[in-house]
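Inspection log for the structure reproduced underneath, given as structure tokens.
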Amino acid sequence: MKQKTEERKKATIIVISGDFDKLFAAFTIATGAAASNMDVSMFFTFWGLRAIKKNMRTGNSLFGRMMGIIEGGDITKANPSKYGFLGLGRWMFGKMMKNKNVAGLVELRQMAIDLGVKMYSCETSKEVMEIEDKNLIDEVVDTVGVTSMIKHAQKSEFSYFI
Amino acid sequence: MKQKTEERKKATIIVISGDFDKLFAAFTIATGAAASNMDVSMFFTFWGLRAIKKNMRTGNSLFGRMMGIIEGGDITKANPSKYGFLGLGRWMFGKMMKNKNVAGLVELRQMAIDLGVKMYSCETSKEVMEIEDKNLIDEVVDTVGVTSMIKHAQKSEFSYFI
Amino acid sequence: MKQKTEERKKATIIVISGDFDKLFAAFTIATGAAASNMDVSMFFTFWGLRAIKKNMRTGNSLFGRMMGIIEGGDITKANPSKYGFLGLGRWMFGKMMKNKNVAGLVELRQMAIDLGVKMYSCETSKEVMEIEDKNLIDEVVDTVGVTSMIKHAQKSEFSYFI
């Protein structure tokens, strides 16, 4: 493909949610847009950081470690925004999606990576929640602040807050 | 009105939420935009499908029928995102809106339909949650995938994820 | 700065949430965009009204006063969308942000005001929830309906629903 990145239409997705259904929607839109030859950037903040975390403990201070425990686990531990109780909703959705041969979150995220979707982590969220680079999957492009995110959004055909 | 659809400004609204307040906002924006002569498309996915469901049981498999029960009912059963407990918030909001002569969800949706807002259901969500065409209100235009949604969003002046 | 308001790039943020993390994101985007010389408008609706309320009782009718009690307090009482129980999450996030010298919600909102971010309250929400002008901070520019909000969104480079 000779077309330069600068000339491709852009899409920006801010992901604040760590819920299964919201992440599923975010990655579906990201892969769909990338497959439509768009230049897609995702910015993960707050609970959304779960989507790009490795499955390891996070945090240094007392509060940071507490946050690391209550928000523990990686993308495979994301519960739906409803019926999250005891992981029931996650288990049920997992079953239903498997029955219909619908790709799970890990596959969707990998598809996004393979299609060139760029993933960024939010500077302030990382700092507050004491999540470090080593806690994030290697495919994360960079850690950025809000100004950088806004530059992407300004040039985008559409931009979502998920 | 002689102006062609292609020339009208477009708006796209993705509705993932089935919450009363979020649906109220979604239909308010949709009707407001349509009344401002915009060409509005709404895409209902996950819990948002509640907004375009008929009041009937859904699902075929064991899980599908379970989902049909716990997510039972149509738009009139939407609870607010807070104080949903025992339908209390829905009842209270209903009362408060009636007292102020504010249109309810069913009326707002009808207004959207009358103003030509186009409603689409999400293919994957329907499949996973085992919701069929016969379960949806007749005004739903089509069932579409993410690529179709993205085409709408690209051409839109604004696009929300609700 | 000689550049006219009409020529600056615009951003629109609809705030339906009263959650700590969502408000934090909303004001971070607003201040970031304003600092990037954008003309930013925020529309506060439903639970989002908390962000521009004074710390005083609201409501006249029985329901209105009940709503005023259960949704009591101003922006300092905003709980995160998770772990809100007994104000625990709010307390913990407050501690963690202070430890990292990250600005709190009140400071962020003040920064937004100082940077010229325009704040509007939603007409219908105010009416339904019985929140009056005297209950809102003085910096609120105006109370508007959806048509006015849509005009802003149409002219915006990006617009979020938070």
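The values are calculated or read from the model by the stated rules, or taken from the named source; none is laboratory data. None of these values were measured; they are calculated from a predicted model. Neighbour counts run over all protein chains shown; Cβ positions are idealised from the backbone, glycine included.
Only residues that are among the hydroxyl-bearing types (Ser, Thr, Tyr) and out of contact with any Leu (no Cβ under 7 Å at 6 or more places or on another chain) were counted in the range B:93-147, giving 4. Among the residues of the range B:94-115, just one is closer than 16 Å to C:GLU123 by Cβ and β-branched (Val, Ile, Thr), namely B:VAL102.
Does C:SER81 meet the test of being touching a helix residue (DSSP H, G or I) at 6+ places or on another chain (Cβ under 7 Å), touching a residue at least 40 places away in the same chain (Cβ under 8 Å), over 24 Å from B:ASN99 (Cβ atoms) and within 11 Å of chain B (Cβ to nearest Cβ)? Break it down into steps so the answer makes sense when it comes.
Numbers: touching a helix residue (DSSP H, G or I) at 6+ places or on another chain (Cβ under 7 Å): yes; touching a residue at least 40 places away in the same chain (Cβ under 8 Å): yes; over 24 Å from B:ASN99 (Cβ atoms): yes; within 11 Å of chain B (Cβ to nearest Cβ): yes.
The answer is yes for C:SER81.
Right, C:THR31: away from chain A (no Cβ under 11 Å) and either modelled with pLDDT of 90 or more or not in a helix (DSSP H, G or I) (or both) or not? It is false that C:THR31 is away from chain A (no Cβ under 11 Å) and either modelled with pLDDT of 90 or more or not in a helix (DSSP H, G or I) (or both).
Considering A:ASP138, A:ASP142, the condition of being of a type outside the set (Val, Ile, Thr) and farther than 30 Å from C:MET38 by Cβ is satisfied by A:ASP138 alone. Look at B:LYS4 and say whether it is of a type in the set (D, E, K, R) and at pLDDT 95 or above. Spelling it out, it is not the case that B:LYS4 is of a type in the set (D, E, K, R) and at pLDDT 95 or above.
Does B:ASN37 satisfy the criteria of being more than 21 Å from C:ILE162 (Cα to Cα) and at pLDDT 95 or above? Yes, satisfied. Within the range A:68-86, is even one residue buried (at least 22 other Cβ atoms within 10 Å of the Cβ) and over 24 Å from C:LYS22 (Cβ atoms)? Scanning the range A:68-86, I find no residue that is buried (at least 22 other Cβ atoms within 10 Å of the Cβ) and over 24 Å from C:LYS22 (Cβ atoms), so the answer is no.
State yes or no: is B:LYS54 under 21 Å from B:GLU123 (Cα atoms), away from chain C (no Cβ under 14 Å), touching a residue at least 24 places away in the same chain (Cβ under 8 Å) and basic (Lys, Arg)? When the stated conditions are applied, B:LYS54 passes them. Of all residues in the range C:129-161, those being farther than 23 Å from B:LYS82 by Cα and facing another protein chain (nearest Cβ under 7 Å) number 8. Taking the criterion of being within 14 Å of chain B (Cβ to nearest Cβ), closer than 20 Å to B:LYS82 by Cα and touching a helix residue (DSSP H, G or I) at 6+ places or on another chain (Cβ under 6 Å), would at least one residue in the range C:101-123 satisfy it? No, the range C:101-123 contains no residue that is within 14 Å of chain B (Cβ to nearest Cβ), closer than 20 Å to B:LYS82 by Cα and touching a helix residue (DSSP H, G or I) at 6+ places or on another chain (Cβ under 6 Å). Filtered by the rule that a residue be touching a Gly at 6+ places or on another chain (Cβ under 6 Å) and away from chain C (no Cβ under 12 Å), the range A:57-75 gives A:ARG57, A:THR58.
In this structure, C:ASP19 qualifies as under 28 Å from B:ILE13 (Cα atoms), among the acidic types (Asp, Glu) and under 13 Å from the mean Cα position of the chain (by Cα).
Would you be able to say whether some residue in the range A:6-28 is away from chain B (no Cβ under 13 Å) and outside any helix (DSSP H, G or I)? Yes, the range A:6-28 contains at least one residue that is away from chain B (no Cβ under 13 Å) and outside any helix (DSSP H, G or I).
Among the residues here, C:THR28 does not qualify as more than 15 Å from A:PHE161 (Cα to Cα) and either touching a residue at least 40 places away in the same chain (Cβ under 8 Å) or of a type outside the set (Gly, Ala, Ser) (or both). Among residues of the range C:87-137 being out of contact with any Lys or Arg (no Cβ under 9 Å at 6 or more places or on another chain) and among the acidic types (Asp, Glu), the one that is surrounded by the most Cβ atoms within 10 Å (Cβ to Cβ) is C:GLU123.
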